[in-house]
Amino acid sequence: MAAQYGLRTRDASGLVTIDTSITPIRSLKMMTVTGNGSFDQYIAVPEIQAQSFVVVDTLEDRGEYTFSPQAWYSTGQLQLRQPQNLTWQVMILSQGGEPFSAPGSYGIRTSNNNVRTQIDAVNKVLTVHYNGAFQLGVYWRPGMQAQLIQWADVTFPSPITTHERPLIFLNADDYMMVGNFYVKGRPGNWTGFRLKQWSSKSAHGSAADSYMNIRWYCASYQAPSTPAGQYGASVRDAAGNRTFVTTANLALLNSQPAANAFVSTGNPITGTGYYAPSQQMVWTGSYDDYVLANALFSCTNIIQTTQPIRANFGGFLPGNRSILQMYCDNGSGINPLTANGRTLFASRPMKPL
């Protein structure tokens with residue numbers, strides 16, 4: 001039998017709230033970088049280690065034309081394509097292999113059969129704050145004409161007050177094709193999000209006429225408000241701010257896709273003066289896994305063209321979670337882009353929503 005060690009806590013009812021032998025948790029470091037106007041900008045980021053996972057996101061709300069840059073990373077370096085002179089948020093997610101080296105680095109780290117948990121006083125953990133569901137697509141009601149619901153507009157019960165945008169994760173009962181994603185609000189006052197329904201009957205058959213039932217949750221490193229009480233565990237930083245508590249519902253990062261890049265395969269969506277190339281990535285195969293919407297489903301700005309803002313759209317094909325399907329809207333029919341696969345990941349809530 002493999003060695004069992006680590007941390008386990010339960011609540012007052014006896015429910016396990018954290019078990020480091022089965023519950024991977026990753027720490028999260030937030031920082032910002034500023035573009036210098038280059039086509040490709042390479043930025044030294046020593047915090048990016050061999051086992052890190054990086055997400056680049058915008059700090060702006062430009063409505064449906066909110067865009068994020070294409071981004072790639074390697075150990076100690078971040079590459080941004082056409083970052084302009086804007087400021088971008090960078091989220092570096094630890095996978096438990098980095099040393100505790102920063103001042104005030106204390107907390108909990110365990111490893112059990114490659115299940116790694118890291119909770120420390122410098123980095124943060126992603127906590128689920130809100131969740132819900134909405135419908136998009138063609139809605140058929142007996143005896144009435146079909147109606148198209150093209151936009152989902154979600155408002156949080158109260159704003160997320162972090163400087164960085166909260167992370168929005170999406171899942172669906174089956175088929176999902178969405179794009180033009182953006183978070184409403186501004187740094188320190190993020191109030192909700194919107195996204196648009198996309199589909200193509202020529203590419204997806206009758207599924208394009210389906211009613212998409214989509215579930216979502218909002219995760220942030222904003223400190224959880226619930227205390228540990230008499231049961232559980234809590235971690236605070238050197239200033240006394242709580243960074244972790246077992247009563248919170250964490251966004252787990254234990255179901256990463258097998259690849260981190262899209263490949264050009266599948267049927268493109270074509271029309272008169274229109275071409276949207278098809279890209280696919282091997283996905284987790286699980287209907288329990290949510291996909292991060294922030295960078296993947298936001299637009300891309302390629303600047304030096306007559307159609308600079310390109311909508312990225314995609315999601316899940318009917319009956320298939322072995323791939324993640326993406327397209328890049330291209331009304332001009334030229335200069336097709338590929339979807340950015342290095343700034344997304346799969347997640348699921350630790351506790352049922």
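On the basis of the beta-carbon distance and an R0 of 25 Å, Glu64 and Ser158 show a calculated FRET efficiency of 0.55. The stretch between Gln77 and Leu353, if pulled fully straight at 0.36 nm per residue, gains 95.7 nm over its current Cα-Cα span. Potential lengthening of the chain between Asn36 and Ala239 amounts to 69.7 nm, from the contour at 0.36 nm per residue minus the alpha-carbon distance.
Cross-link partners of Lys196 among aspartates and glutamates, defined as those whose alpha carbon lies under 20 angstrom from its own and excluding same-chain residues fewer than eight positions apart: Asp57, Glu60, Asp61, Glu64, Asp153, Asp173, Asp174, Asp209, Asp329. Over all directions, the projected convex hull of the C-alpha atoms in region 121-210 averages 8.0 nm² in area.
FYI, it's all coordinate maths here, none of it is from the lab. In this text the structure is predicted, and so the values were computed from the model without any measurement. Cβ: placed from backbone, ideal geometry, glycine included. Neighbour counts: every protein chain shown.
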